[in-house]
There are 2 protein chains.
Amino acid sequence: MTQFDKRNASMMMDLYEMTMANGYFHKNEKIENVVFDVFYRKNPDQGGYSIFAGLEQIIEYVENLHFADDDIEYFRSLNLFSDEFLEYLRDFHFSGDIYAFPEGTVMYQNEPIITIVAPLIDAQLIETAVLAQINHQSLIATKASRIVRAAGGRAVSDFGARRAHNLDAAVYGARAAYIGGVVSTATVLAGKQFGIPVSGTMAHSWVMYYKDEYEAFCNYAHKYPDQVVLLVDTYDVLRSGIPNAIKLSKEVLEPIGKRLKGIRLDSGDLAYLSKKVRQMLDDAGLTDCKIIVSNSLDEYTIKSILDQGGRIDGFGVGERLITAKSDPVFGAVYKISAVRENGVFEPRIKVSETVEKITNPGLKDVYRIYSENGQAIADLLALRGEQIDMTDSYRYVDPEKPWKNRHFVNCTAKSLQQLVVKDGKRVGEKPSLESVRDYVKQQLTTEIWVEEQRFENPHKHYLDMTPDYYEMKMNLLYKTRNN
Amino acid sequence: MTQFDKRNASMMMDLYEMTMANGYFHKNEKIENVVFDVFYRKNPDQGGYSIFAGLEQIIEYVENLHFADDDIEYFRSLNLFSDEFLEYLRDFHFSGDIYAFPEGTVMYQNEPIITIVAPLIDAQLIETAVLAQINHQSLIATKASRIVRAAGGRAVSDFGARRAHNLDAAVYGARAAYIGGVVSTATVLAGKQFGIPVSGTMAHSWVMYYKDEYEAFCNYAHKYPDQVVLLVDTYDVLRSGIPNAIKLSKEVLEPIGKRLKGIRLDSGDLAYLSKKVRQMLDDAGLTDCKIIVSNSLDEYTIKSILDQGGRIDGFGVGERLITAKSDPVFGAVYKISAVRENGVFEPRIKVSETVEKITNPGLKDVYRIYSENGQAIADLLALRGEQIDMTDSYRYVDPEKPWKNRHFVNCTAKSLQQLVVKDGKRVGEKPSLESVRDYVKQQLTTEIWVEEQRFENPHKHYLDMTPDYYEMKMNLLYKTRNN
């Protein structure tokens, strides 16, 4: 089977990764192991959480990472790199380990979603490709999750391909949106590549091609009698589109025992029109005919339409989903947190004038802490390998109020990072896209506080620390010369 | 030479294009020629113009359009399409003609940038792929043009890959940004694929790996003595980064006859810091050392920094360029404008309650009108093939004030659309990326009013009509039943 995406993405990097790698190479520092963490500092749209997506593509990328002859020749043409380094690249493969949250995990600020433990050059070269995947797919999965929440159980479909930032953004954006909870995509390539359900019926051009709206509807109904969803706003929704739809139902569909499945509104005041249309359809006995709407929708417009009593069964969401228009940048970063010296990982910290920008140093574990009733009440940073025993009351440190005496009582802790790549090769089974999507839904319905999911001033999830981890970080801060 | 992008993008479509095509197929409507126009209704960021980009990828896409066996099997699995139609797809190639503005043309609202004249099915199937290319690349080229303008002659580089909406957005975004005027990209893959100059030196991880900032700077200088650009904000710009940079220059570079080429600031108050840093560098005799800044920049922040007297020689622009953050949707649409009946193209119009949303019907020509001094004063819609003779005063219609008696005097008219695809094959030479970039610059410096290029309330470019075109449109509007 041919595949859309058999590309070698190895050249997807910033040039500085190569200038640094070439610099490290000649210091014989290429064999030193380092630790890089991927984390982000704020949720999009002032939200209370984000959805982690893109891990599968990151694993595929690192497994496939290699430089072709023409890549090497391109690098040579830049006159920046030594011949020895270019020869070294010829057989280069990523040889490190990657720990990551399972794809689909609800994630929060400042915790290491992905941790790379790898030789210095290996870790440095994958920075951009890793970030581009997590940033794009997490952005869209998070946006989709918000839109699906606003739709309150009504179906949301991805219609965004034409406004996506090129092909990948449409295809991987559809994948991420599906993870985030949309039920289908209009993008055929995403349907084929990932098995996502596809949907779509007609454009305005179908109606305009036939000059007469009713003739256009009839032609469609003859072709697809079991799935007639009519676009009714080409001329005039209430005076032409809906009357023609009802006429079609009475004169064409009902005589052959079929029902009008739905109509779609793509312009105008969707709250007002949907109520009028519902009434007209109901009066005609078409109570089972669904009303689908589209036109620059997002969580805010959907919430507003429903607050006004809009009678809507499904939403087609395009440009504002596929570009995450209201906040189109997901800001995950890739920061060095430890360097192995004489067999020991020495933590590194990036200080800053702004307290939130001080990084969390060292090789560490992340735990999600659950209360007795299964709610995720906090996340906890620990030294890597530290024993976390919650059978009794467990003391922790809230780094924003370290003077307080805090304890987790009757709680359980789940380690979030899993080893997904070992010595450059995938560990474990590739999860199905459906299972990732189900995992998102399960967390949001059973584990994650609704207070973190609301749009206005959501509760900020706690990121606490074990006493030992907190002490290590503080000691390192004190020691840093330029603090 | 292997290439990054040899993908078959034929499945990049919305499902409704297939359901419509399958519907048309059985009506024997597949051989009917139709006309679709690509146009947009508003410039991003309330700007006065946009830059047309993405044409080269559209031509490559339509030339390559075909369905592989597994594509056909995927379609079959959807149980929507007839076997005859699926067999027809097996040998399908795009067989139509495409007219387009040259890539890089400064463009405006509501004029047909691209016109497709093709059999109905051919024209319908390419909708999404065409729109995704023009929308993405024009968005980024336009954003880049605005940022470059704000930078006032200082170099602007694309640093955006990690925040791009996946790989294509980074690579084709870098291409579009280069068309729009940036001087280089950090994205290696874009440099390799399109020959765009690449730039990049070091990340914070380089400095942090070495523990000591000066040691990190020394190691870089030993490796790249001719291109030392130091990232100086890892610890403290004024107390550590710049003193260490000056020390490096004095103790390492000057003894071997080299100069410190530049420093980069990636955080903090860039206006304030750049002035302080300039003074410190100048006091140390490093007047030739460039100051490069980065950190969430766009045309607004750049203008603000320069208005405050920031002493900056170059800008690295990332997330806000590569996502066009302040307005990340370019809204080009694909609308049917004529159907050939009995050998004659009958115009089609989409009416709307909003006057701006009424389409411009029919197969038409677009002219750019130049005054004696070479300024582009208006664009003009004409019937396709209509003779435009400007040797004398030429009467035209301003559709917003059709009662006025308007004339072009001492003007010249240039036809903007060119035939770029004939019977599915490229016509003419592929222009170089450099020539497209030069064309943008030439228009903005010599043809396009500065009043259209300002950020606040720019002048709105006129889209006028020939008297015959205006009459045709009005007649069609009167005739449309549901008007």
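Bear in mind these aren't lab numbers, they're just calculated from the coordinates by the rules spelled out. This one's a predicted model, so the numbers in the text were calculated from it and none came from an experiment. All Cβ positions, glycine included, derive from the backbone under ideal geometry; neighbour counts span all protein chains shown.
Rounded to two decimals, the Cα-based Rg/Rh of the stretch B:139-272, with Kirkwood Rh, is 1.02. Decide, for the stretch A:201-295, between rounded, prolate and oblate: order the square roots of the alpha carbon gyration tensor eigenvalues as a ≥ b ≥ c, take rounded if a/c falls under 1.5, and otherwise choose prolate if a/b is larger than b/c, else oblate. Oblate. Peptides B:461-469, B:134-142, B:448-456 ranked from most to least packed, by the mean per-residue count of other Cβ atoms within 10 Å: B:134-142, B:461-469, B:448-456. When the Kirkwood radius is taken over all Cα pairs of the stretch B:19-71, what Stokes-Einstein diffusion coefficient follows at 20 °C and 1.002 mPa s, in µm²/s? Rounded to a whole number, D works out at 142 µm²/s. Other residues within the sphere of radius under 12 Å centred on the Cβ of A:R395, judged by their own Cβ, net out at -3 (K and R +1, D and E -1). Cross-link check: pairs A:K290/B:K27; B:K350/B:K401; A:K247/A:K276; B:K364/B:K422; B:K42/B:K473 evaluated at a Cα-Cα cut-off of 25 Å; pairs beyond the cut-off: A:K290/B:K27. Across the protein assembly as shown, Cα-Cα distances exceeding 52 Å account for 21% of all pairs.
Rounded to the nearest angstrom and listed largest first, the equivalent-ellipsoid semi-axes of the stretch A:229-361 from its Cα gyration tensor are 54, 16, 11. From its DSSP helices (H runs of at least four residues, each -39,500 (n - 2.57)), chain B gives a residue-normalised ellipticity at 222 nm of -10000 deg cm²/dmol. Share of pairwise Cα-Cα distances greater than 19 Å in the stretch B:358-477 is 57 percent (whole percent). Residue separation of A:L238 and A:K414 scaled by 0.36 nm, minus their Cα-Cα distance, works out to 57.8 nm of gained length.
The stretch A:328-382 and the stretch A:288-325 have Cα centres spaced 37 Å apart. Counting only whole DSSP H helices of chain A, the ones at least 20 Å long by C-alpha along their axis and with mean Kyte-Doolittle hydropathy no lower than 0.0 are A:127-150. Per residue of peptide B:58-70, the mean number of Cβ atoms on other chains within 10 Å of the residue Cβ is 1.
Taking Cβ atoms as reference points and 12 Å as the exclusive limit, the residues near A:I72 contribute a net charge of -4, counting Lys and Arg as +1 and Asp and Glu as -1.
The label-point distance for A:Q308 and A:E386, in a model that sets each label 7 Å from Cα toward Cβ, rounds to 5.2 nm. In a DSSP loop and with at most 12 other Cβ atoms within 10 Å, the trypsin sites (Lys or Arg not before Pro) in the stretch B:329-420 are B:K404.
Listed from fewest to most Cβ neighbours within 10 Å, the set B:E341, A:E319 follows the order B:E341, A:E319.
The stretch A:20-94 and the stretch A:201-276 have Cα centres spaced 52 Å apart.
Using a simple spin-label model with pseudo-atoms 7 Å out from Cα toward Cβ, A:K42 and B:E341 lie 5.6 nm apart. Debye-formula intensities of chain B, expressed as log10 I(q)/I(0) at q = 0.10 Å⁻¹, are -0.83 (one equal scatterer per alpha-carbon, no solvent). Overall dimensions of the stretch B:117-216, expressed as equivalent-ellipsoid semi-axes from the Cα gyration tensor (√(5λ), whole Å, largest first), are 35, 16, 10. Once you list every other residue whose beta carbon is under 13 Å from the beta carbon of B:V148, what net charge do they have if Lys and Arg are +1 and Asp and Glu are -1? Here the charged neighbours net out to +4.
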